[in-house]
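Data block below; observations after.
The values are calculated or read from the model by the stated rules, or taken from the named source; none is laboratory data. These numbers were taken from a predicted model, which means no experiment stands behind them. Neighbour counts are summed over all protein chains in view; Cβ atoms, including those assigned to glycine, are modelled from backbone coordinates with ideal geometry.
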Amino acid sequence: MRVEHPLWIIPAVAGLIAAIAGYRRYGMLLLCASSLLVGLYWNNNHLSEQNEESNETARGGVWSCRVETSTTRGALLSMEYGRKVWSSDKELALTVRRGDSVLVLGSLRGSFLETCSFSAIQSDCLQNRVRRVICNRWREKLLSRETSSLVSALLAGERGTIPTRIRDTFEMTGTSHLLAVSGLHVGIICGIILIITRRIFGKTWLAVFITILLMGSYVFLAGARASTVRAGIMGMFILIAWQAVGKTPNLLFIWSFAVIVLIILTSGSVLNDIGAQMSFSAVLSLILFGRSFRGGIGKILSVVYAGVVVTLCLAPLVSCTFGAVSPVAPIATVISLPFMLTLMALGVISLSWGFLAAGASILAEWTVFIWLKLLYMLEFRRFEFREWMLVIWFAGIIMLFLLSRKRGFFRRFR
């Protein structure tokens, strides 16, 4: 399907008008259609450029780039006109941080940049300077590289210093998404802030305003990635609706609106962001097929079920992106969540002084030690998603549909 003209504007405007007029179901369906059309429109515009990049021959020269992210294996660099390339230079990855500028002497072929030498320039941007100072303080306060790197990844989105062995463990257990600051992290921070502000100011607009302000500050500090911005937009609308009408707004409606806003603000480049693709798809799968269980063990079952939904729905995308899918991801995610929450809290406390910071540092070390030991036990051989598995995958989607239908699948479109 090709969309060569901005037809998405028509259903977007019609959807907003219908929603304002009180026809929420039709307005939401129009916004969903608009989010699909705007994605196809921008994707078609960039498709020919990507084909030309993949077919070009190697070119040597000096390239001016901006660091999008870095790992122990290399760095993702953004060049002119929004073009992104990957450099498998470990020395470069350990030298630069997200947001830094770098001049690279090397050979460029398609989406890969082979470096001969480089010169890095630290970013003067406020968010990058603050993030650098905080991460340096964690390296001073926390005793081991494993702990400081995991805390920096969970709270500030800095994953470049995570040891390769730990990174491989998270990939083998399907929990790599926990290391990237995403909507889950923004939701956790927002929930904690909301609890504190309501304890102080009560259920007032002031508490909502302060929560939105602090949540936005955290999104800004974490680098304002597409997944965190999407979570921030959705969180803001949910908080405002809760305060105004006393109930949760339609999540599918808000998801569609957030997707359209991000695509417009980024001129479509968000569609090429793997993290954004994962985040949007995961949230959409939970909105459509998620369900909650009652009872004392219901919360645990709800988290496990959510992990199964996300793992199954995103299996083709994860396999195409990372080469394989981990079958133990739902269980590993459930086990990891308490350790992740604990480590995030201890990481914040460790920035203080005196015995409080020292105690948080020791507890953080033990938290990481036990967490990694459990993940080592859960390491399991991953499998590649083959074409013949599409039949099984489609059958699984139907099963999720039937399970969610009993809990009101069609009510999600009201």
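Residues being in contact (Cβ under 8 Å) with a residue 40 or more places away in the chain and in a helix (DSSP H, G or I): count how many of those fall in region 302-329.
13
Output yes when any residue across region 178-200 is of a type in the set (Gly, Ala, Ser), surrounded by 15 or more Cβ atoms within 10 Å (Cβ to Cβ) and over 14 Å from the mean Cα position of the chain (by Cα), and no when none is. Looking through region 178-200, none of the residues is of a type in the set (Gly, Ala, Ser), surrounded by 15 or more Cβ atoms within 10 Å (Cβ to Cβ) and over 14 Å from the mean Cα position of the chain (by Cα). Residue count for region 338-395 under the criterion of being in contact (Cβ under 8 Å) with a residue 60 or more places away in the chain, in a loop (DSSP other than H, G, I, E, B) and more than 29 Å from Ser319 (Cα to Cα): the result is 2. Within region 142-151, the set of residues being touching a Leu at 6+ places or on another chain (Cβ under 7 Å) and farther than 17 Å from Thr72 by Cα is empty. In the condition set (1) under 19 Å from the mean Cα position of the chain (by Cα); (2) buried (at least 19 other Cβ atoms within 10 Å of the Cβ), Ala207 is compliant with all but (1).
Residues in region 151-172 that are farther than 17 Å from Gly223 by Cα, touching a Phe, Trp or Tyr at 6+ places or on another chain (Cβ under 9 Å) and among the hydrophobic types (A, V, I, L, M, F, W, C): Ile162, Met172. It is to be established whether one or more residues within region 64-72 are at pLDDT below 75, farther than 23 Å from Glu158 by Cα and in a loop (DSSP other than H, G, I, E, B). No, because not a single residue in region 64-72 is at pLDDT below 75, farther than 23 Å from Glu158 by Cα and in a loop (DSSP other than H, G, I, E, B).
Scanning region 223-258 for residues that are under 29 Å from Arg129 (Cα atoms) and in contact (Cβ under 8 Å) with a residue 40 or more places away in the chain gives Gly223, Ala224, Arg225, Ala226, Ser227, Thr228, Arg230, Ala231, Gly232, Met234, Gly235. Where helices (runs of 4 or more DSSP H) sit wholly within region 73-187, those with at least 3 residues that are in contact with a helix residue (DSSP H, G or I) (Cβ under 8 Å, 6 or more places away or on another chain) and either under 21 Å from Ile349 (Cα atoms) or without any contact (Cβ under 8 Å) to a residue 40 or more places away in the chain (or both) occupy 126-141, 145-156. Out of all the residues in region 145-157, is one or more loosely packed, with under 14 Cβ neighbours inside 10 Å and either under 21 Å from the mean Cα position of the chain (by Cα) or more than 23 Å from Ser279 (Cα to Cα) (or both)? The answer is yes, given that some residue of region 145-157 is loosely packed, with under 14 Cβ neighbours inside 10 Å and either under 21 Å from the mean Cα position of the chain (by Cα) or more than 23 Å from Ser279 (Cα to Cα) (or both).
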